[in-house]
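Engineer: Attaching a single structure in structure tokens format; questions to follow.
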Amino acid sequence: MVNPEQGRPAAPLPGHGLLRGRTALVTAAAGTGIGGAAARRLLEEGARVVVTDAHERRLAECERALAAGFGAARVAAVRCDVTDEQQVQAAFDTAERRFGPPDVVVNNAGLGGTAPLVGMEDAEWSRVLEVTLTGTMRCTRAAMRRMGPRGRGAVVNNASVLGWRAQPGQAHYAAAKAGVMALTRCAAMEAAPHGVRINAVAPSLAMHENLAKSAPAELLEELARREAFGRAAEPWEVANVIVFLASDYASYMTGEVVPVSNQRA
């Protein structure tokens, strides 16, 4: 039997100043999942961070919590629905006004759900792709336009192993995440001549409060059992890989989709 404590660090690792003095923007950062963990890890590594989210109350709570932990001078928040181009531009404008042009952009916004394809409405399909794929495109495009003239920058997109792996009821989400992978690779080739790197992480299962509320417990337990360590990842374990890709340690990596998983298939 797999011991679920195998491969589990006792606690999040301390920061090492990998992003000291840089400005980062993180979408969908106000929840308990990967976006929030990424914002915290970026701050721990010395970055100034703009957190965005479409949920206003959670965003305000997130800003207060991060400011209490890392100082209000290093944290800003702006409401942003990634399906709205004007709000995307406003988020980038806010980051630039507060802290300077973003050096790092983490595209975490995504929308899931479970629905058999035969019963799926067009609107349900479109909504998942609009948030998860087109929203990531909008923010990647905004980052490229602002980073390219400066000759530097790193974008990290949040994909999913479902971009490779089949799972019933996930046709819309899997298609969107496979699209994020393809977007990452193509955008990286366009951005490389301008010194901008674009990569993605592909987590399998990162357990957090919002996921636990939105998916059946039996399904989450089954998915966790399939992992080699017999457990889900902690959100900060995914955030560690995001920080690596955003840092100079990944200076030769672009167009890559990095699994954060015990298995790929």
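Engineer: Hey, could you check the range 15-33 for residues that are surrounded by 20 or more Cβ atoms within 10 Å (Cβ to Cβ) and of a type in the set (Ser, Thr, Tyr) and say which is farthest from His55 (Cα to Cα)? Before the answer, list the steps.
Structural biologist: So in the range 15-33, the residues surrounded by 20 or more Cβ atoms within 10 Å (Cβ to Cβ) come out as 19, 22-31, 33.
Checking the rest, the ones that are also of a type in the set (Ser, Thr, Tyr) come to 23, 27.
Details: Thr23: 22, Thr27: 11 Å.
Here the answer is Thr23.
Engineer: Scanning for something at pLDDT 95 or above and of a type in the set (D, E, K, R), does the range 132-142 turn up at least one residue? So that I can check it myself, show each step before the final result.
Structural biologist: Of the range 132-142, the ones at pLDDT 95 or above are 132-142.
Now restrict to residues that are of a type in the set (D, E, K, R): 138, 141.
Checked against the condition, which is being at pLDDT 95 or above and of a type in the set (D, E, K, R), the range 132-142 yields at least one hit.
Engineer: Next up: From the list Leu129, Leu117, exactly one residue is surrounded by 14 or more Cβ atoms within 10 Å (Cβ to Cβ), on the phi < 0 side of the Ramachandran plot and among the aliphatic types (A, V, I, L, M). Which is it?
Structural biologist: Numbers: Leu117 fails: surrounded by 14 or more Cβ atoms within 10 Å (Cβ to Cβ).
Matching residue, one of Leu129, Leu117: Leu129.
Engineer: Quick check on this structure: which one of Glu190, Glu234, Glu227, Glu221 is of a type in the set (Asp, Glu) and under 20 Å from Val88 (Cβ atoms)? Explain how you work it out, then say what you get.
Structural biologist: Values: Glu234 fails: under 20 Å from Val88 (Cβ atoms); Glu227 fails: under 20 Å from Val88 (Cβ atoms); Glu221 fails: under 20 Å from Val88 (Cβ atoms).
Of Glu190, Glu234, Glu227, Glu221, the one residue that is of a type in the set (Asp, Glu) and under 20 Å from Val88 (Cβ atoms) is Glu190.
Engineer: Can you tell which of Ala159, Ala176, Ala188, Ala182 is open to solvent by 10 Å² or more (accessible area, probe 1.4 Å) and either within 15 Å of the chain's Cα centre (by Cα) or among the aliphatic types (A, V, I, L, M) (or both)?
Structural biologist: Testing whether each residue is open to solvent by 10 Å² or more (accessible area, probe 1.4 Å) and either within 15 Å of the chain's Cα centre (by Cα) or among the aliphatic types (A, V, I, L, M) (or both) leaves just Ala182.
Engineer: Report yes if Arg146 is open to solvent by 20 Å² or more (accessible area, probe 1.4 Å), assigned to a strand (DSSP E or B) and touching a residue at least 12 places away in the same chain (Cβ under 8 Å), otherwise no.
Structural biologist: Numbers: open to solvent by 20 Å² or more (accessible area, probe 1.4 Å): yes; assigned to a strand (DSSP E or B): no; touching a residue at least 12 places away in the same chain (Cβ under 8 Å): yes.
When the stated conditions are applied, Arg146 does not pass them.
Engineer: Any idea how many residues of the range 34-69 are in a loop (DSSP other than H, G, I, E, B), under 21 Å from Val88 (Cβ atoms) and open to solvent by 10 Å² or more (accessible area, probe 1.4 Å)? Steps first, please.
Structural biologist: Of the residues in the range 34-69, the ones in a loop (DSSP other than H, G, I, E, B) are 45-47, 54-55.
Narrowing the set further to residues that are under 21 Å from Val88 (Cβ atoms) leaves 47, 54-55.
Now drop any that are not open to solvent by 10 Å² or more (accessible area, probe 1.4 Å), which leaves 54-55.
Residues flagged as in a loop (DSSP other than H, G, I, E, B), under 21 Å from Val88 (Cβ atoms) and open to solvent by 10 Å² or more (accessible area, probe 1.4 Å) within the range 34-69 amount to 2.
Engineer: Right, another one. Restricting the first residue to the range 8-27 and requiring it to be farther than 15 Å from Trp236 by Cβ and modelled with pLDDT of 95 or more, which pairs with a second residue that is open to solvent by 30 Å² or more (accessible area, probe 1.4 Å) and of a type in the set (A, V, I, L, M, F, W, C) meet a Cβ separation below 6 Å and a spacing of at least six or different chains?
Structural biologist: No pair meets every condition.
Engineer: Collect the residues in the range 235-250 that are buried (at least 18 other Cβ atoms within 10 Å of the Cβ) and of a type in the set (Asp, Glu), keeping them in residue-number order.
Structural biologist: Result: Glu237, single match.
Engineer: Among the residues of the range 70-95, which ones are assigned to a helix (DSSP H, G or I), without any contact (Cβ under 8 Å) to a residue 60 or more places away in the chain, within 30 Å of Arg127 (Cβ to Cβ) and not aliphatic (A, V, I, L, M)? Break it down into steps so the answer makes sense when it comes.
Structural biologist: Quick first cut of the range 70-95, residues assigned to a helix (DSSP H, G or I) only: 70, 72-74, 85-95.
Subsequent filtering for residues that are without any contact (Cβ under 8 Å) to a residue 60 or more places away in the chain retains 70, 72-74, 85-90, 93-94.
Filter once more, so that each one left must be within 30 Å of Arg127 (Cβ to Cβ): 85-90, 93-94.
The answer is Glu85, Gln86, Gln87, Gln89, Asp93, Thr94.
Engineer: If you don't mind, there's one more thing I want to ask. Scan (1) of a type outside the set (Ser, Thr, Tyr); (2) open to solvent by less than 40 Å² (accessible area, probe 1.4 Å); (3) touching a residue at least 60 places away in the same chain (Cβ under 8 Å) for the single condition Trp164 breaks and write down its number.
Structural biologist: If we test Trp164 against (1) of a type outside the set (Ser, Thr, Tyr); (2) open to solvent by less than 40 Å² (accessible area, probe 1.4 Å); (3) touching a residue at least 60 places away in the same chain (Cβ under 8 Å), just (2) comes out false.
The values are calculated or read from the model by the stated rules, or taken from the named source; none is laboratory data. Predicted, not measured: the structure shown is a model, and the values here were computed from it. Please note: Cβ atoms are built from the backbone with ideal geometry, for glycine as well, and neighbour counts cover all protein chains shown. We work out accessible area using only protein heavy atoms, side chains counted, and drop any ligands, DNA or RNA first. Shrake-Rupley method; radii C 1.70, N 1.55, O 1.52, S 1.80 Å.
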